[in-house]
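Below is one structure, written out as structure tokens; the observations come after it.
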Amino acid sequence: MKLTYQKYLPILSFSLCVTVCLFTGSTHAQGNNVKDSELVGIPLRCVALRQGQVCYQEVIIKWHQAEMGNYCLVELSSLNNIKCWSQVNTGEVNFDFQSDTSLTYGIRKKDEQINLSTITITVSWVFQSSKRPKASWKLF
């Protein structure tokens, strides 16, 4: 009777991967210090069908600061406050992203102009626009 390991190879490699990931994740978490300023967006890319079209996407932005305070999430090109929080050091906001260009967001202390952290939601397209304009009529 011949033993074959080929049919068990996917299971063994998966088990090894899980073991390594769990081990490195736990040691990394123990030695990892909390960052002073963190801003995370999910997703960071919005995809529209054609170039120039408005991209619509629900975005979740989470943030964390080392100290308690009054903070605002700001869309930097228009300086519009998306949401503000009072006496906290962490927050989360869900909103509908609607833009035909990439936009950058920053977390700031309320009534201050200094960005503590920034992220950019990138707008991209499936199809780029053609360089030549479409003809309104054709000759046959």
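The values are calculated or read from the model by the stated rules, or taken from the named source; none is laboratory data. Quantities reported herein were computed from a predicted structural model and do not represent experimental measurements. Every residue, glycine among them, receives a Cβ derived from its backbone with ideal geometry; neighbour counts consider all protein chains shown.
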Filter the stretch 39-57 down to residues that are surrounded by 14 or more Cβ atoms within 10 Å (Cβ to Cβ) and within 21 Å of Val74 (Cβ to Cβ) and give me whichever is nearest to the chain's Cα centre (by Cα). Gly41
Single residue of the stretch 58-76 satisfying the filter (surrounded by fewer than 14 Cβ atoms within 10 Å (Cβ to Cβ), within 19 Å of Ile119 (Cβ to Cβ) and hydrophobic (A, V, I, L, M, F, W, C)) that is modelled with the highest pLDDT: Ile60
Can you confirm whether the stretch 2-10 contains a residue that is polar (S, T, N, Q), modelled with pLDDT under 95, more than 30 Å from Phe127 (Cβ to Cβ) and within 19 Å of the chain's Cα centre (by Cα)? no
Working only within the stretch 92-121, note down all residues that are assigned to a strand (DSSP E or B), within 14 Å of Val59 (Cβ to Cβ) and polar (S, T, N, Q). Asn94, Gln98, Ser99, Thr104, Thr120
Counting only residues that are free of Cβ contacts under 8 Å to residues at least 40 places away in the same chain and not in a strand (DSSP E or B), how many does the stretch 62-91 have? 3
Would you check if there is a residue in the stretch 14-35 being closer than 21 Å to Asn115 by Cβ and either assigned to a strand (DSSP E or B) or modelled with pLDDT of 95 or more (or both)? no
